[in-house]
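To start, the structure itself, in structure tokens.
Any read-out appearing in this document is the output of simple, stated calculations on the displayed coordinates, not a laboratory observation. Bear in mind that the values here come from a model prediction, so they are computed numbers and not experimental data. Counting neighbours? That spans all protein chains shown, and the Cβs are built from the backbone with ideal geometry, glycine included.
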Amino acid sequence: MSFEPDSLLDTVGAGGVVGKYKKGDPVFLQGGPADAVFYIQKGEVRITIISKHGKEGVIAILKAGQFFGEGCLAGQPVNLGTAKATVDSAIVKIGKQTMQKALRLNPALSEKFMSYLLSRNTLVEAELVDHLFSSSEKRLARVLLLLAQTGKEATMEPVPNINQAILAARVGTTRSRISFFMNRFRELGYIEYNGILNINTALMNVIVHD
């Protein structure tokens, strides 16, 4: 679900600073101070977390129209993960106090923002259940469908800048298993790949059927 940001950006005014990020640029780092909310105007951001043993996991891949860093509003003192642009991106940074004031002074805006967060939380919970109880093949299918989903009339869009190592981290399996399933999906006509990944909605069959 994407959130229409116009009213929020109008409310925060100069309190929202647009930053330009090149591919690979960090927006914030794990362990750094959590002091702002971010909105993706253009581009894509990947959120990762590194365990104390050095293992990296991909928490989320976010597109234009999505927020991240909102944990600071709930008192989160430091960033739990690292956010990096995966393509050239334009990202609005809204300071914690500015965001809190905007939401406090505009109840309608606050309600919309809360609905957005609850909808995204529902997706996170569904993904957790999927991770615990579904096969890696089904988890991969779900990740691919989410990446391609535009949010408008269930239409799909091409998925650029994704590789099997990222998918393996996102799904929680090995790169070789991702390669096996991707080849299987291609043979079945569920995906097409020629530099840009195109997803067929028929990939949903992998999720709904045993």
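Over 20 Å apart at the Cα level, from the set Lys23/Lys63; Lys23/Lys96; Lys20/Lys84; Lys20/Lys63; Lys20/Lys42; Lys52/Lys93, are Lys23/Lys96; Lys52/Lys93. Remark: relative contact order (region 6-109) = 43 percent; criterion is Cα-Cα distance under 8 angstrom and separation of 6 or more residues. Among the trypsin sites (Lys or Arg not before Pro) found in region 49-130, those both in a DSSP coil and sparsely packed, with 15 or fewer other Cβ atoms within 10 Å of their Cβ, are Lys52, Lys55.
Let me spell out the model: positive unit charges on the Cβ of Lys and Arg, negative unit charges on the Cβ of Asp and Glu, origin at the Cα centre of region 134-208. What dipole size does that give, in debye rounded to 20?
300
Amide H contacts of Glu44: Thr86, Val87, each under 5 Å away and 5 or more positions distant or on a separate chain (H built 1.01 Å from N in the peptide plane; Pro and chain starts excluded). The HN-Hα couplings worked out from phi for region 33-46 by the Karplus form 6.51 cos²θ - 1.76 cosθ + 1.60 (θ = phi - 60°) are x, 8, 10, 7, 9, 10, 10, 8, 6, 8, x, 7, 10, 10 Hz, whole numbers, x standing for Gly and Pro. For region 6-109, the mean projected area of the C-alpha convex hull, equal to one quarter of the hull surface, is 6.5 nm².
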